[in-house]
Each structure stands twice: as C-alpha cells, then as structure tokens.
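For reference, the structure discussed in these notes is given below.
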Amino acid sequence: MATEIHRRTLISGAMATGLLSPLFAAPAASAGASAGTAPLGSQLRRAVPADPQAIDPQDSAYWAQVAAQFDVTKAIVQLENGNWGSMARPVEQAYARKLAKVNAENSYYARRGFWQDILPVRARAAAILGVEPEEIAFTRGATEALQTLIAGYNHLRPGNQVLYSDLDYDSTQAAFRWLKQRRGADLVTFALPEPATHQGLIDAYARALEANPKVRLMLLTHVGHRSGLVMPVKEIVALARARGVDVILDSAHAWGQLDFTLPELGADFVGLTCQKWIGAPMGVGLVYIRKDRLDAIDPNMSEVGNPDHGTQSRVHTGTASFAGYLALADALDFHEAIGIRAKEARLRFLRDRWAEALRGHPGLEILTPADPRLTSALTSFRLRGQTSVVQNKALAATLLDRFGIFTVHREGLASGACVRVTPAIFTAEADIDRLVAAMKTLAG
C-alpha cells in the first residue's frame, strides 16, 4: 500500500544518509539519560533494511535499545501506559526546542510562520492514515475530535435512534446521551457478548441494528479502553452502511499500535489521538471527515461564514499547543523508524506473555480472548468472581503497594469492573514476568 511504501522509502533513505543514528542516539549530556545508553542506529541497520517488517518481537537486545530511548521512572513497574504514551527522548528534546522557539518568537511566529510549518506535518499524518490533508484537522485529543463529530452531526431528526455499547468511552457515551436531550433522538444501548468472538461481535451489532430499525447514528470503538478488545471495524461499518446507519469511530487507542489506514476501515467520521501510541506530546489529536461527507457535520460555530477549508472548518480550538503540534513530526519519525507492524507485534507479544500464560488459571478471569484479531496491548483481568469496583480498586492498589506494579482499575463493562494492564514498547520481559508472579500469588 502507498503508506507502507512511504515508510520503507523513509527508512531506507535515512539509513543511506545516516539520519537514523542521530535520531536514536542518546546525547551524552542528556538530562535523565540512562548511563551506558547505546545508539539504536546500529540495531536498526541490522534489523530494518532487508525487511522493515521482520523485526523479531522477542529480540530482547533490539527492544532494549528501543527502551533505552525512553526516560521511564524506575520507582515502579509502569504497566499503565493506556492513559497517554511517554515521549521518546528524541521527541521530548525536539518538543523542548520547538517550545523554546515558539516562546521566544511569540505572536510573530504564530502569525507569520506557524501555518507554513504545520501544513507539512498535517500532510504527513494524512499520508500515513491514507487520506487527503484537507480531510483531517488538529484537535487537542480524541475526546475533542469525537465530541466535535457527535455535536456537529446534522442528520438526526426527533424519533431517530442513536446507539452505543458498554465498550464505548465514557465521554462519548455522555455525548450520545446529550443527543437525546438536544436533538430528540432516542437512545439505544446494549452490552457486547463475553467471551467475545470475531463473528460474535459482528452478529451482536447486526442484532442490535435489526432490533432498532430507527437507528441513524452509531458509536463504535476501535480498541476498547476498558478491556483492550479490538473490534472488527471494517465488517461492522459495512453492515451499518447497508442499513443506512452512519458510524462515528473512536480510534484513540488504535492509531500507533495497530496496522491500518482509514480507507481500509470504511468509516466516514473518526477521532484519533497522537499522544497515546504515536508518542507525541500531550494535547495533540486529529479529527477525520471523509470529504464527500463533510456536509453531514456542521461547521463549528466560530467558523460559520468563513470560507470552507474542509474538516478544519468543523473544529475551532482557539490558541493551541503550537510546539506540540509541530513535534508530531518528530514522533512520527520515531514511530516510522521502528515500524507499525513491528510495534504491533511487540505489544501483542508482551500482552500474550502474561494474558495467555495465565489464561485458564482457576483463580483468574482474562477478559480479552486469545484471537489475535481481537487483541491489543491493553488487556484486563479480575480475580474470579470479583466484579465490584471496590474489589478491583483494591486489587490494583495491592499490585502497586505490595509488588510495585502500577495498573489501573476500569469500570463500565456489563460484566463488572476489572484491572487493566497496558505495556508499552519500552516494557521489558522481566516486568511482565514480575506481573505474572504477582498475579499467581494473589490468585492462590
């Protein structure tokens, strides 16, 4: 595909010119850098050029070099990386330089230089996503992007129905409830089946739409933040379209850890974030509206009367984090140098190292199935039969206080509360093994 060719060209060109070595090399005077950090360039030269997708997810030496580019606290085992992603050191340093420039030049830069600098960044993000630059716009995160789409959707009439599941994100569920209050739409909610299967998820949405023929708008979450379940998005979007139902897709946890382009998914309206798995600074997100569906989303109230500039006219954030948006380019450098398929494989390997090792333990429930089509870095568990919020808060607290492992409890699933485990590409196998040992102890 075009985006993959773009990535391979980027890497091979960078290798030929030696650009990747300085990108990944740890500066000698870097504050907080680990002693003895080695450049990643030599590892990439060994692993990438022959086949950029052939990096072994179990190559501990290679991934240790990747991990060495992150300044991660040693005070705890950090297995709660789903809130946002740590910037790699090269990205953090580029962000600091750009922040200093914006701070020094102030409004002179904002008014005279920013837009010519940010347009190539937007174009590059669009190319990776497989869409046109005018179809995406910057937001302060996926939540703002999704709320923009939900509030601006103008095809609802009183008596129409809108639908979401227990998997969907709390803020977007609230926004759909707002549609009932402000648009007169009837609200339909349903629980996804557990244990989940690929076809079972598709069938669950088919049944929900069949039972509610007045549904006109549906919320769909690409990767669930509660359990990490990956939805069969392409198939569900297709069945919704066949019934005349529009889909707003939440891809906040998908971009940067799963290999896809937006046209492959088929959704017309998508919210994404760059601060989770892409590794950009906090406060950087994207909203996508397919160009031939732009009329379905109203212009932002502050953009009414202005010339139509595509998706950009549907969002208005005011004064934004100029340096954060600019540093997205550096985050994409780091992301593409490793490769999305290599990242996806590594994250799934880390996830399987604990979740599949413990599946079947009589004292544990692993909430996400083993099917790799449905798994991501995020996976949740609970002690068998312990479904209350209080019990799972206590379980996460015990993992931290007794074993030094930081996780987070999640609630809102129809089956009950749970504890979410989320490794990152800097997570070591030893950290996962420490979790396994702790869980075996707690589960008896």
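Data overview
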quantity: Filter pass, Gly404 being under 27 Å from Ala61 (Cα atoms) and open to solvent by 10 Å² or more (accessible area, probe 1.4 Å); calculated: yes
quantity: Condition met for Arg384 (open to solvent by 10 Å² or more (accessible area, probe 1.4 Å) and touching a Gly at 6+ places or on another chain (Cβ under 6 Å)); calculated: yes
quantity: Candidate set: region 100-124, residues that are farther than 30 Å from Leu347 by Cα and in contact with a Leu (Cβ under 9 Å, 6 or more places away or on another chain); chosen: the one surrounded by the most Cβ atoms within 10 Å (Cβ to Cβ); calculated: Val102
quantity: Positions within region 282-309 being open to solvent by 80 Å² or more (accessible area, probe 1.4 Å) and under 26 Å from the mean Cα position of the chain (by Cα), in sequence order; calculated: Met282, Lys291, Asp292
quantity: Unmet requirement for Val315, which otherwise passes all of (1) open to solvent by 20 Å² or more (accessible area, probe 1.4 Å); (2) out of contact with any Asp or Glu (no Cβ under 7 Å at 6 or more places or on another chain); (3) under 30 Å from Arg111 (Cβ atoms); calculated: (1)
quantity: Failed item, numbered, when Val419 is tested on (1) more than 13 Å from Arg351 (Cα to Cα); (2) open to solvent by 10 Å² or more (accessible area, probe 1.4 Å); (3) in contact with a helix residue (DSSP H, G or I) (Cβ under 6 Å, 6 or more places away or on another chain); calculated: (2)
quantity: Selected residue (criterion: surrounded by the most Cβ atoms within 10 Å (Cβ to Cβ)) from residues of region 158-178 that are more than 22 Å from Leu229 (Cβ to Cβ) and at pLDDT 95 or above; calculated: Gln161
quantity: Near pairs, Cβ below 6 angstrom, 6+ apart or cross-chain, from region 165-182 (free of Cβ contacts under 8 Å to residues at least 24 places away in the same chain) to any residue that is outside any loop (DSSP other than H, G, I, E, B); calculated: Lys180/Leu187
quantity: Positions within region 320-360 being at positive phi and over 19 Å from the mean Cα position of the chain (by Cα), in sequence order; calculated: Gly360
quantity: Cβ-Cβ under 8 Å pairs, at least 6 apart or on other chains, region 203-224 side under 12 Å from Arg243 (Cα atoms) and in contact (Cβ under 8 Å) with a residue 40 or more places away in the chain, far side of a type in the set (Asp, Glu) and not in a helix (DSSP H, G or I); calculated: Lys214/Asp186; Arg216/Asp246; Leu217/Asp246; Met218/Asp246
quantity: In region 212-255, the residues that are small (Gly, Ala, Ser) and either touching a strand residue (DSSP E or B) at 6+ places or on another chain (Cβ under 9 Å) or surrounded by 24 or more Cβ atoms within 10 Å (Cβ to Cβ) (or both); calculated: Gly224, Ser227, Gly228, Ala240, Gly244, Ser251, Ala252, Ala254
quantity: Cβ-Cβ under 7 Å pairs, at least 6 apart or on other chains, region 99-128 side closer than 10 Å to Phe322 by Cβ, far side of a type in the set (A, V, I, L, M, F, W, C); calculated: Leu99/Ala323; Val102/Phe322; Val102/Ala323; Tyr109/Val102; Ala110/Phe322; Phe114/Phe322; Asp117/Leu326; Ile118/Leu326
quantity: Qualifying residue in region 192-200 (condition: under 30 Å from Ala331 (Cβ atoms), open to solvent by 10 Å² or more (accessible area, probe 1.4 Å) and at pLDDT 95 or above); calculated: no
quantity: Hits in region 311-337 - residues which are under 15 Å from Arg122 (Cβ atoms) and either aromatic (Phe, Trp, Tyr) or not in a helix (DSSP H, G or I) (or both); calculated: Val315, Thr317, Ala320, Ser321, Phe322, Tyr325
quantity: Top-ranked residue in region 60-114 [being β-branched (Val, Ile, Thr) and under 24 Å from the mean Cα position of the chain (by Cα); ranked as nearest to Leu378 (Cα to Cα)]; calculated: Val77
quantity: Candidate set: region 361-381, residues that are open to solvent by 10 Å² or more (accessible area, probe 1.4 Å) and under 19 Å from Leu229 (Cβ atoms); chosen: the one farthest from the chain's Cα centre (by Cα); calculated: Glu365
quantity: Scope region 41-67; condition open to solvent by less than 20 Å² (accessible area, probe 1.4 Å), modelled with pLDDT of 50 or more and of a type in the set (A, V, I, L, M); matching residues; calculated: Ile55, Val66
quantity: Residue match in region 322-343 (condition: among the basic types (Lys, Arg), buried (at least 19 other Cβ atoms within 10 Å of the Cβ) and over 15 Å from Ile136 (Cα atoms)); calculated: yes
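The values are calculated or read from the model by the stated rules, or taken from the named source; none is laboratory data. Because the structure is predicted, anything quoted here is derived from the model rather than measured. Here the Cβ is made from the backbone with ideal geometry for all residues, glycine too, and neighbour counts use every protein chain on show. What goes into the accessible areas is simple: the full protein's heavy atoms, side chains included, and nothing from ligands, DNA or RNA. Shrake-Rupley method; radii C 1.70, N 1.55, O 1.52, S 1.80 Å.
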